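Read through the structure below, which is laid out as structure tokens, and then see the notes.
The values are calculated or read from the model by the stated rules, or taken from the named source; none is laboratory data. Nothing here was measured: the structure is a model prediction, and the numbers come from that model. Ligands, DNA and RNA are excluded from the accessible area calculation, which covers all protein heavy atoms including side chains. Shrake-Rupley method; radii C 1.70, N 1.55, O 1.52, S 1.80 Å.
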Amino acid sequence: TAQNSIVVASGANGKLSIIDDILSAEKIISEADVVLIQLEIPIEVVEFSLRLSKKYGVKTVLNPAPAQSLSEDILSLVDIITPNESETEILTGIYPETEENGKVGCGHLLKKVNESVIITLGHKGFILLQKW
């Protein structure tokens, strides 16, 4: 039916730390073109990783899965965000069941991130809004 199913077994992801993992990879991050991050790791590690990426001018892409509410501070560090339908609803309060609702949800998120919003819609494709 082209619907996704998400299973999270946090294990090692839940143990990721700023000091032991992210700071030890600072040189790699500083030389990267893009950092892609998900919410399967502790939220403080997500925020620190995004801040570190911004420090070095690295483009940031956030796949906000598994879905949870995010602060304005975190969203302001994101260049491109790629929520699915349920993640869009959690982040905006708008479920994109129609193209019009999807565009409204995109618009809400685009005010909070730096460049682009791509709402993934399973078999229905995606909705893309950009600031340029």
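I'd like to check one number: the per residue accessible area of the chain, probe 1.4 Å, reported in Å² as a whole number.
Working: 7450 Å² over 132 residues.
I get 56 Å² per residue for the chain.
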Inset, instruction - Report, ordered by chain and residue number, the aspartates and glutamates lying within cross-link reach of Lys59, taken as a straight Cα distance under 17 Å and ignoring same-chain residues fewer than 8 apart. - result: Glu26, Glu31, Asp33, Glu47, Asp73, Asp79, Glu115
Inset, instruction - Would you kindly derive the ³J(HN,Hα) couplings of segment 28-35 from the backbone phi angles with the Karplus curve 6.51 cos²θ - 1.76 cosθ + 1.60 (θ = phi - 60°), listing them in order in whole Hz, with x for Gly and Pro? - result: 5, 4, 5, 9, 7, 8, 9, 10
Inset, instruction - Heavy atoms only, probe 1.4 Å: what % of the accessible area of the chain goes to carbon and sulfur, would you let me know? - result: 54
Legend entry - Dimensions in Å of the chain - Rg and Dmax from alpha carbons: 15.0, 44
Inset, instruction - Go through segment 118-127 residue by residue and turn each phi into a ³J(HN,Hα) via Karplus (6.51, -1.76, 1.60, θ = phi - 60°); whole Hz please, and just put x for glycine and proline. - result: 10, 8, 8, 10, x, 5, 8, x, 7, 10
